[in-house]
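Input: a single structure, listed below in structure tokens.
The values are calculated or read from the model by the stated rules, or taken from the named source; none is laboratory data. Since we're looking at a predicted model, the values are computed, not measured. Note that we place each Cβ from the backbone using ideal geometry, even for glycine, and neighbour counts take in every protein chain shown.
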């Protein structure tokens, strides 16, 4: 999905200037990274509120039309009001087509209801993780990664290293940890029976 939006250079900075922008229906932000200096920007609040509600906005290479000059970026952070539906600030990082980026990509689970774990074992599938840390070139960044649970058996778990990644995408792990992504919880009756057997 190609996502493009408009922004303008932000001349005034500081907390009082940011408050004035927000009252005027704008949201302040910044673009950083690459060889260029950090650039303070301002965007339409309603447009950004709508875009931030889309999953793809968080895991896509975005195009900012900054006063007519287009830049490619990824979303790095967004700050929200404590209790109002209001975006306070957004951070973007510039990307270069020849340099790999590190980003969290959402997972989409399919066929879980048809898996042996559910249909035959009566288990319940638990999604331990809903996104993965990956590294790839901007052009290879997937909007999401599909995880097929159709062959999942009872008492089985799926680890991050077992997920098939798109071409050009590599998993980012922290140390030797291979986190569990999906596990199967036993049916209540079966779990209770096992507890009874263990006590007996």
Checklist entry - Taking the stated definitions as given, is residue 114 farther than 30 Å from residue 39 by Cα, under 20 Å from the mean Cα position of the chain (by Cα) and not assigned by TED's automatic domain parsing to the domain that holds residue 42? => result no
Item to check | Members of region 17-50 that are touching a helix residue (DSSP H, G or I) at 6+ places or on another chain (Cβ under 7 Å) and part of a strand (DSSP E or B) | outcome: 26, 27, 28, 42
Checklist entry - What are the residues in region 10-20 that are touching a strand residue (DSSP E or B) at 6+ places or on another chain (Cβ under 7 Å) and surrounded by fewer than 17 Cβ atoms within 10 Å (Cβ to Cβ), if any? => result 13
Item to check | Residue match in region 1-9 (condition: without any contact (Cβ under 8 Å) to a residue 12 or more places away in the chain, touching a strand residue (DSSP E or B) at 6+ places or on another chain (Cβ under 9 Å) and either surrounded by fewer than 13 Cβ atoms within 10 Å (Cβ to Cβ) or within 13 Å of residue 73 (Cα to Cα) (or both)) | outcome: no
Item to check | Qualifying strands (runs of 3 or more DSSP E) (wholly inside region 143-200; at least 2 residues being under 18 Å from the mean Cα position of the chain (by Cα), modelled with pLDDT of 85 or more and surrounded by 11 or more Cβ atoms within 10 Å (Cβ to Cβ)) | outcome: 145-148, 180-185
Checklist entry - Quick one: in region 48-67, which of the residues that are at pLDDT 95 or above and over 29 Å from residue 168 (Cβ atoms) is surrounded by the fewest Cβ atoms within 10 Å (Cβ to Cβ)? => result 50
Next on the checklist: Consider region 51-73. How many of its residues are touching a helix residue (DSSP H, G or I) at 6+ places or on another chain (Cβ under 9 Å) and in a strand (DSSP E or B)?
Outcome noted: 2
Checklist entry - For region 22-45, does any single residue satisfy the condition of being loosely packed, with under 14 Cβ neighbours inside 10 Å, closer than 26 Å to residue 140 by Cα and at pLDDT 95 or above? => result no
Checklist entry - Counting only residues that are assigned to a loop (DSSP other than H, G, I, E, B), surrounded by 10 or more Cβ atoms within 10 Å (Cβ to Cβ) and free of Cβ contacts under 8 Å to residues at least 40 places away in the same chain, how many does region 75-97 have? => result 1
